[in-house]
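Q: Provided herewith is a single structure, encoded as structure tokens, for subsequent inquiry.
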Amino acid sequence: MSAKPTDLARIQEIYDVIVQTQRQLGALSFDKARFLHPGNDQDEVLAEGFMNRVLRVTEEVGRLDDELASSYGFNTAGASGVRNRLAHAYGDVDAEIIWAVIEREFDALLSSCRRYCDDVGVDLE
């Protein structure tokens, strides 16, 4: 997976993937229970897809410029750790941790994206 070429492109990707993920989770009524314990093939595919979204987001966060990341509250080290686990654990991933990223970290990342774009005069919406 290749990261975007600029910090602004990375931030746009982070924002877009999170917004899409949150919208789809709501539209599908896909909750923690279905994520952690898929009851059917469809839920298994959805859970895997949402894990892939976390991989995409953490890939981009981990590639942000250190100074920008620090200034806007992006945790690049934490994101890189989650990304590496998803990319290299080959099925040995703690789904609780991934759900916690979706549930708790995604909103904070959206806020950081918005603050950065407000400061540089770019509209994410």
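The values are calculated or read from the model by the stated rules, or taken from the named source; none is laboratory data. Treat the numbers as computed from the prediction; the structure is a model and nothing was measured. A quick note on method: Cβ atoms are made from the backbone with ideal geometry, for glycine too, and the neighbour counts reach across all protein chains shown.
Q: When you check Val82 against the structure, is it of a type outside the set (S, T, N, Q), touching a Gly at 6+ places or on another chain (Cβ under 9 Å), buried (at least 18 other Cβ atoms within 10 Å of the Cβ) and closer than 16 Å to Ala9 by Cα, yes or no? First the steps, then the outcome.
A: Details: of a type outside the set (S, T, N, Q): yes; touching a Gly at 6+ places or on another chain (Cβ under 9 Å): yes; buried (at least 18 other Cβ atoms within 10 Å of the Cβ): yes; closer than 16 Å to Ala9 by Cα: no.
Answer is no for this residue.
Q: Same structure, new question: Pairs only if they're at least six apart or on different chains, beta carbon under 7 angstrom, first in the stretch 46-68 and in contact (Cβ under 8 Å) with a residue 12 or more places away in the chain and surrounded by fewer than 21 Cβ atoms within 10 Å (Cβ to Cβ), second of a type in the set (Phe, Trp, Tyr) and outside any helix (DSSP H, G or I); list them, first residue then second.
A: If the second residue must be of a type in the set (Phe, Trp, Tyr) and outside any helix (DSSP H, G or I), the pairs left are Leu46/Phe30.
Q: Go through (1) loosely packed, with under 13 Cβ neighbours inside 10 Å; (2) closer than 26 Å to Gly26 by Cβ; (3) small (Gly, Ala, Ser) one by one and return the number of the condition Ala100 breaks.
A: If we test Ala100 against (1) loosely packed, with under 13 Cβ neighbours inside 10 Å; (2) closer than 26 Å to Gly26 by Cβ; (3) small (Gly, Ala, Ser), just (1) comes out false.
Q: Applying the selection to the stretch 83-111, what residues are of a type in the set (Asp, Glu) and either at pLDDT 95 or above or closer than 16 Å to Val19 by Cβ (or both)?
A: Glu103, Glu105, Asp107
Q: Report yes if some residue within the stretch 112-124 is touching a residue at least 12 places away in the same chain (Cβ under 8 Å), closer than 17 Å to Gln20 by Cβ, of a type in the set (A, V, I, L, M, F, W, C) and assigned to a loop (DSSP other than H, G, I, E, B); otherwise report no.
A: Yes, the stretch 112-124 has at least one match.
Q: Can you confirm whether the stretch 72-87 contains a residue that is in contact with a Phe, Trp or Tyr (Cβ under 8 Å, 6 or more places away or on another chain) and in a helix (DSSP H, G or I)? Give the derivation first.
A: Quick first cut of the stretch 72-87, residues in contact with a Phe, Trp or Tyr (Cβ under 8 Å, 6 or more places away or on another chain) only: 72.
Right, trim to in a helix (DSSP H, G or I) and you get 72.
Looking through the stretch 72-87, at least one residue is in contact with a Phe, Trp or Tyr (Cβ under 8 Å, 6 or more places away or on another chain) and in a helix (DSSP H, G or I).
One line per residue, one yes/no per condition, for (1) more than 20 Å from Cys117 (Cβ to Cβ); (2) not small (Gly, Ala, Ser):
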position	(1), (2)
Arg23	no, yes
Arg34	yes, yes
Phe50	yes, yes
Glu60	no, yes
Ser80	yes, no
Arg85	yes, yes
His88	yes, yes
Ile97	yes, yes
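To keep it simple, each residue is scored yes or no on (1) farther than 25 Å from Gln24 by Cα; (2) at pLDDT below 95; (3) in contact with a Cys (Cβ under 8 Å, 6 or more places away or on another chain).
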{"residue": "Asn40", "(1), (2), (3)": "no, no, no"}
{"residue": "Gly62", "(1), (2), (3)": "no, yes, no"}
{"residue": "Arg114", "(1), (2), (3)": "no, no, no"}
{"residue": "Asp123", "(1), (2), (3)": "no, yes, yes"}
